[in-house]
Amino acid sequence: MCIYGGTTCAVIASNNPEVVVTVVDLNAERIKAWSSDELPIYEPGLLHLVKKARDGARRNLFFSKSISSAIIEADLIFMCVNTPTKQTGPGAGQALELDYLEGAIRRIAEVAQNDKIIVEKSTVPCRTAETIREILDTTGRPGVKFSVLSNPEFLAAGTAIADLLQPDRVLIGCSKTPDGYSAAGALADVYAAWMPRDRIITINLFSAELTKLAANALLAQRISSINSLSAICEATGADIEEVTYACGLDSRIGPSMFKASVGFGGSCFKKDILSLCYISEFLGLAEVSAYWKSVIDINEYQKDKFTSRIVSCLGNTVTKKKLAVLGFTFKKDTDDTRESAAISVVSRLVAEGAHVSIYDPCAKTDQIWRDIGTYVTVCESAYEACMNAQAVIILTEWDEFNNRVTTDAQRSSDRLRGPQPGFVNLIRSKLDWPLVADIMCPPKYVFDGRNVVDAGKLEELGFRVECVGKPSMS
Ligand code: UDX
């Protein structure tokens, strides 16, 4: 199961007290974690929600290893299995691996004794629903009828609960037959328990499948577009924050997903664009594939360019220099490090001989070592990482790293976040930048890969500050 399957089910269960939701997984360890107070993922507000539905007076959320009996009892089955990028065989490195999905479908076909609605939640290539239906129809028991729906998830890490509770829209893709509409209606009823009906949209099955890939590709494309402009800003003296602010005020463009950064990461953007490229190539649309591939290319360029700037500012060599990295996750409010820009940046700095010390409030030490090897030091505090360092490199926009005034919105998001057993207490105080200045060594650079610091204030403390999309000081 993909880690967000459990999150979606917790939201469904807590809003539908009369519906019994059972989450099953082949991985027994993961089920054990979901049944405990140390959930397999950190997501603000998740533990509270799970505990309410799982342990409260009206228990209706269950985590189980008994896959067959859960299938037999269910009327509606959400398929939330992982679909990572294929590692071997045709399409390796681009196409989505549908092995787990197919395995799950065959298991359903084998054990289902009555009609079921199968809801495809995993990200899949367009027309996968047809393959699912073929497998079910050819291998299912005679007389058992399956309806296949596509219901892609648009939740983002760190804001998953809010995204699920107040989504812009819920998409339900169904075949345009009476059976298809009836299955879509049953699924819509589940969401209507907490969502206005007019935000639940029913579209063609394959449009829903493609929309998931398309939405992620379009969001990533906005970030690559703005990152490509940040390079022009650095070379000309324009300021990317002013450019994005001014462009974002145009209501046709809008301000969201428009922040220049060291590069986007996460489990979805790169994977989904690669899948879109593969589909395009498969369909003989080489130019379309090249267009989307360029979004990934700019992202790689951005990470590399940021790293080159660090090396160049530090006298064209980082060998044996101590560098502090603040933030390792792919964004704030998550413990997820998949495809994090930090992996590329730190790996290259290590390859160039730097001594890198990393502090992240949520990323697990073992995970950091799995991502980049044990050549780096993982620290318990930002101060330990910064001690005697020549430069601080901010790679994740955790609130505690910025030296701006804390807003009410931030304070309330802090309250929502923690504390959560198994994770560092996430209500933390802001970084004491004057103290950081005292414990660092010259030239005391701050490389801000997220444009979170007030550079002017840091310069008053003796730092030299380099931000994305702003001209270099040196
Ligand atoms: C994304 C989609 O937003 C979500 O709808 C989909 O279901 C899953 O993929 P996620 O990967 O969790 O969600 O995070 P998102 O907030 O989209 O950020 C992705 C990456 O882009 C992060 O590394 C983030 O730091 C970066 N980013 C985001 C920017 O660099 N600039 C921005 O303006 C926004």
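The values are calculated or read from the model by the stated rules, or taken from the named source; none is laboratory data. Source: prediction; values computed, not measured. Heads up, the Cβs are rebuilt from the backbone with ideal geometry, glycines too, and the neighbour counts pull from every protein chain shown.
Is it true that Glu29 is acidic (Asp, Glu), assigned by TED's automatic domain parsing to the domain that holds Ala162 and assigned to a loop (DSSP other than H, G, I, E, B)? If you could, list the steps in order and put the result at the bottom.
Values: acidic (Asp, Glu): yes; assigned by TED's automatic domain parsing to the domain that holds Ala162: yes; assigned to a loop (DSSP other than H, G, I, E, B): no.
No: the conditions fail for Glu29.
Would you be able to tell me the number of residues in region 307-328 that are in contact with a strand residue (DSSP E or B) (Cβ under 8 Å, 6 or more places away or on another chain) and crowded, with 17+ Cβ neighbours inside 10 Å?
As a first pass, look at region 307-328 and keep what is in contact with a strand residue (DSSP E or B) (Cβ under 8 Å, 6 or more places away or on another chain): 309-310, 313-314, 320-328.
Keeping just the survivors that are crowded, with 17+ Cβ neighbours inside 10 Å gives 309-310, 313-314, 321-328.
Result for region 307-328: 12.
This table checks each residue for (1) among the hydroxyl-bearing types (Ser, Thr, Tyr); (2) within 24 Å of Glu130 (Cα to Cα); (3) within 16 Å of the ligand (Cβ to nearest atom).
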| residue | (1), (2), (3) |
| --- | --- |
| Ser147 | yes, yes, no |
| Asn151 | no, yes, yes |
| Ala162 | no, no, yes |
| Leu171 | no, yes, yes |
| Leu187 | no, yes, no |
| Ile201 | no, yes, yes |
| Leu205 | no, yes, no |
| Thr211 | yes, yes, yes |
| Ser230 | yes, no, yes |
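Just wondering, is there one or more residues in region 376-390 that are within 24 Å of Tyr42 (Cα to Cα) and touching a residue at least 60 places away in the same chain (Cβ under 8 Å)?
Within region 376-390, one or more residues are within 24 Å of Tyr42 (Cα to Cα) and touching a residue at least 60 places away in the same chain (Cβ under 8 Å).
Could you pull out the residue among Asp336, Asp304 that is within 16 Å of the ligand (Cβ to nearest atom), crowded, with 18+ Cβ neighbours inside 10 Å and at negative phi? It would help to see each step written out before you state the result.
Working: Asp304 fails: crowded, with 18+ Cβ neighbours inside 10 Å.
Unique residue meeting the criteria: Asp336.
Within region 246-255, is even one residue within 12 Å of the ligand (Cβ to nearest atom) and not in a helix (DSSP H, G or I)?
Of region 246-255, the ones within 12 Å of the ligand (Cβ to nearest atom) are 248, 254-255.
Keeping just the survivors that are not in a helix (DSSP H, G or I) gives 254-255.
Within region 246-255, one or more residues are within 12 Å of the ligand (Cβ to nearest atom) and not in a helix (DSSP H, G or I).
Starting from region 136-159, keep only residues that are free of Cβ contacts under 8 Å to residues at least 12 places away in the same chain, then list their pairs with residues that are more than 16 Å from the ligand (Cβ to nearest atom) whose Cβ atoms are within a distance under 6 Å, requiring at least 6 positions of separation or different chains.
none
So, Ala238, is that one modelled with pLDDT of 95 or more, assigned to a helix (DSSP H, G or I), of a type in the set (Gly, Ala, Ser) and not assigned by TED's automatic domain parsing to the domain that holds Ser344 or not? Let's see the steps before the verdict.
Working: modelled with pLDDT of 95 or more: yes; assigned to a helix (DSSP H, G or I): no; of a type in the set (Gly, Ala, Ser): yes; not assigned by TED's automatic domain parsing to the domain that holds Ser344: yes.
Here the answer is no, as Ala238 does not meet what is asked.
Could you grab me the full set of residues in region 264-285 that are more than 7 Å from the ligand (Cβ to nearest atom) and either in a loop (DSSP other than H, G, I, E, B) or among the small types (Gly, Ala, Ser) (or both)?
Taking region 264-285 and keeping what is more than 7 Å from the ligand (Cβ to nearest atom), we get 270-285.
Passing the criteria: Ser275, Ser280, Leu283, Gly284, Leu285.
Quick one: count up the residues across region 356-366 that are touching a residue at least 12 places away in the same chain (Cβ under 8 Å) and either surrounded by fewer than 18 Cβ atoms within 10 Å (Cβ to Cβ) or assigned to a loop (DSSP other than H, G, I, E, B) (or both).
First, the residues of region 356-366 that are touching a residue at least 12 places away in the same chain (Cβ under 8 Å): 356-365.
Cutting the leftovers down to either surrounded by fewer than 18 Cβ atoms within 10 Å (Cβ to Cβ) or assigned to a loop (DSSP other than H, G, I, E, B) (or both) gives us 360-365.
Within region 356-366, residues that are touching a residue at least 12 places away in the same chain (Cβ under 8 Å) and either surrounded by fewer than 18 Cβ atoms within 10 Å (Cβ to Cβ) or assigned to a loop (DSSP other than H, G, I, E, B) (or both) number 6.
Quick check, is Val190 of a type in the set (Val, Ile, Thr), in contact (Cβ under 8 Å) with a residue 40 or more places away in the chain and either in the same structural domain as Gln166 (by TED's automatic domain parsing) or under 21 Å from Tyr291 (Cβ atoms) (or both)?
Details: of a type in the set (Val, Ile, Thr): yes; in contact (Cβ under 8 Å) with a residue 40 or more places away in the chain: yes; either in the same structural domain as Gln166 (by TED's automatic domain parsing) or under 21 Å from Tyr291 (Cβ atoms) (or both): yes.
Yes, satisfied.
Report the residue count in region 341-387 for those that are modelled with pLDDT under 95 and touching a Cys at 6+ places or on another chain (Cβ under 7 Å).
Total satisfying the criteria: 0.
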